[in-house]
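The values are calculated or read from the model by the stated rules, or taken from the named source; none is laboratory data. Computed from a predicted model, the values in this text were never measured in an experiment. Here the Cβ is made from the backbone with ideal geometry for all residues, glycine too, and neighbour counts use every protein chain on show. Only protein heavy atoms, including side chains, enter the accessible area calculation; ligands, DNA and RNA are left aside. Shrake-Rupley method; radii C 1.70, N 1.55, O 1.52, S 1.80 Å.
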Amino acid sequence: MTLMPFGESTENTHAEPCSTQSITPKFDVPARDAKIVVIDDEPVNIKVVSRLLRIEGYTHFVTTSNATEAYQLVKDERPDLVLLDLMMPHVSGLEILRQIRQDEQLAHTPTIILTATTDRETRVEALRTGANDFLNKPIDASELIPRVGNLLVLKRHQDRLEDYSRELELAVRERTAQLEASRRDILHCLARAAEFRDDDTGYHVLRVGRYARIIAEGLGLDPNYVTEIEQAAQLHDVGKIGISDDVLKKPGKLTEEEFALMQKHPNLGKRVLQRISPQVETALRDHASIGANVLGAAHSPILEMAARIALTHHEWWNGSGYPLGLKGEDIPLEGRITAVADVFDALSTRRCYKNAFPIEKCFEIMTDEKGSHFDPMVLDAFFAKRKEIVEIQMKYADDE
């Protein structure tokens, strides 16, 4: 079935007989307004084609008889259709067509080849190069009009599909951004819920996340990792949910029994963050593992990282930390990074059992533990970001 040009009446005397059975698509912009580029080294041929199309109501033409400027003209004008002479001096129609098809922005522009040649090989090469149709010279109006109309119909369908694809992609991006924002909010609320147990402001988790981020940036880590660790590090102490207020808020030194209970919060955090089976949950109920298993309740790279952080941010570089006694690079990098961020924030802010230390004193204390408590490379990356550290301290200062 031959498609009619946009807005074409079924009484069109120039259309082929079967065209009276075609369906006229409806678009906001009539096809008669389509931009058509005509390229032919003979000006008389351009006049003939333009006149025949004007009779049918087409009015928007851009033409040239200079083959050397043809490709740039098409590139500048971005037409809906190209009528291209095949045999021209200096630059052949095939070469121009090849340039059009190799241009990402023009690659799908419908192109009709105008030619007087009957050479089969030339036609085949033109088709292989990307020609959509042929018109023999001298041009016959009964062929020109329906061929132009059909390709413009296809072009408008293609444009509508591209517009829909862009709209869909935009909608997906917007929805993804909304879901990402919601996920961040949920993670932050979970982190603050735990932090409010011994920090009325909840700014501690924000600061630790930001410190972890600047360390990761200082180490030259992948941007995705940098973003993930900022969010995941905020959940480092989620295991405090399982620790008694009498221990968390005790102003004095903890007893051995109380400190042993406090040491359970990394494992408690892992249990909060990790997806586990009911059987494993039962087996771990009396074991030191709550916090990290909360974060593994769903398949999420950030929650998986947060579970590792919750479990390992109290491990020491020399192996004397808890709860697993991991040493050196056996400690996950995110655990080593968060250890530095967490300890610095603990030193530099007031707690129920101590006043805040100035930044120089914090650096001095942490330097003394370089290579024992902290990964030297991670600590150096943190110290190198003094300006950013101070900015974070001021922006997220605790309320007095």
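See the values below:
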{"item": "Cα-derived Rg over Rh, computed across segment 31-154 with Rh taken as Kirkwood radius", "result": "0.92"}
{"item": "Karplus-derived 3J(HN,Hα), 6.51/-1.76/1.60, for each residue of segment 314-322, Hz, glycine and proline x", "result": "9, 6, 10, 4, 8, x, 9, x, 9"}
{"item": "Segment 34-146 - accessible surface per residue (Å², probe 1.4 Å)", "result": "48 Å²"}
{"item": "Percent accessible area from carbon and sulfur atoms, segment 67-171, protein chains only, probe 1.4 Å", "result": "48 percent"}
{"item": "Qualifying chymotrypsin sites (Phe, Trp or Tyr not before Pro) for segment 315-364 [loop in DSSP, other Cβ within 10 Å: at most 12]", "result": "TYR353"}
{"item": "For LYS137, distant residues with modelled amide H under 5 Å away", "result": "THR115, ALA116"}
{"item": "For segment 356-399, accessible area per residue (1.4 Å probe, heavy atoms of protein chains only), Å²", "result": "56 Å²"}
{"item": "Summed side-chain charge close to TYR58 - residues other than TYR58 whose Cβ falls under 10 Å, Lys, Arg +1, Asp, Glu -1", "result": "+1"}
